[in-house]
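Please treat every number below as a calculation from the coordinates, not as lab data. Everything numeric here is computed off the predicted structure, so don't read it as measured data. As a convention, Cβ positions derive from the backbone with ideal geometry for all residues, glycine included, and neighbour counts pool all protein chains shown.
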Amino acid sequence: MLRDLVTANRSCRGFDRSRKIKREELLEMVDLARVTASAINKQPLKYFISNKDIITDKITDLVSFGGLLKDLNLPYKGEEPPAYIVICHDKSIVEEQPIFMYEAGISAQTIGLKATEMGLAICIMGGIDPKKVKEELFLPDEMEVKLIIAVGKSLEKAEIKEVESGEGVKYYRDNDGVQIVPKRKLEDIIINRE
């Protein structure tokens with residue numbers, strides 16, 4: 001069951017705008033992330049959630065989808081995410097340290113797994129201008145933007161493809177528009193052979 005969720009949890013860059021995301025669904029995702037591990041149990045992560053078009057359109061203009069697929073200009077018009085979760089670090093709880101960035105990753109993965117379980121998809125984006133996002137969303141001074149997660153029902157299909165040792169791992173779209181996600185084989189990522 002968990003393996004199915006993990007393998008189905010692929011980055012999505014094309015969303016069905018007719019499937020609205022309820023605030024309660026976003027809260028359910030964040031609530032699960034809330035109970036994950038936290039260094040020294042400081043729990044510095046806070047979340048900005050939105051399913052309102054005026055805000056989601058603003059966020060879409062601030063992010064970049066599919067860094068390796070720049071020529072496609074994703075998402076296509078009309079396939080923008082209907083909701084977002086912005087993961088922030090609250091510096092009033094504890095100053096930023098590298099270990100807390102791991103927590104943002106754990107939180108994002110947890111949100112992705114919950115979304116997948118709900119029949120939804122996400123795209124985690126870290127290539128953002130945190131200062132600009134903070135200004136556009138009117139976030140308090142103590143909030144530092146770490147990751148942005150697009151949420152919605154996927155219009156895309158993605159497949160994992162195991163690659164031989166030495167082959168490239170750049171994701172791409174095949175002739176049918178299927179996102180191919182190359183993954184190294186298990187034996188190629190285990191360091192010790194005993």
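Please report the relative contact order for the chain, taking Cα pairs under 8 Å with a sequence separation of at least 6, and give it as a percent rounded to a whole number.
Values: 326 pairs, mean separation 53.8, N = 194.
So the answer I get is 28 percent.
Highest mean first, the peptides 11-21, 145-155, 36-46 sorted by other C-beta atoms within 10 Å per residue fall in the order 145-155, 11-21, 36-46. Think of each Lys and Arg Cβ as +1 and each Asp and Glu Cβ as -1; about the Cα centre, that makes the dipole of the stretch 60-194 roughly 260 debye.
Out of the DSSP beta bridges found with both residues in the chain, what percent are antiparallel (nearest 5)?
Close to 75 percent.
The count of lysine pairs in the stretch 1-83 that are at least 8 places apart or cross chains, and whose C-alpha atoms lie under 26 Å apart, stands at 12. Remark: relative contact order (the stretch 145-194) = 34 percent; criterion is Cα-Cα distance under 8 angstrom and separation of 6 or more residues. A Cα-only calculation for the chain places Rg and Dmax at 17.3, 56 Å. Counting charges near Lys157 (Lys, Arg +1; Asp, Glu -1) among other residues having Cβ under 15 Å from its Cβ returns a value of -1.
What's the long-distance tail for the stretch 84-158, i.e. % of Cα pairs beyond 21 Å?
31
Near the amide H of Lys157, within less than 5 Å, lie the amide hydrogens of Gln179, all on another chain or at least 5 residues away, with H placed in the peptide plane. Sorting Phe65, Phe138 from the fewest to the most surrounding beta carbons within 10 angstrom yields Phe138, Phe65.
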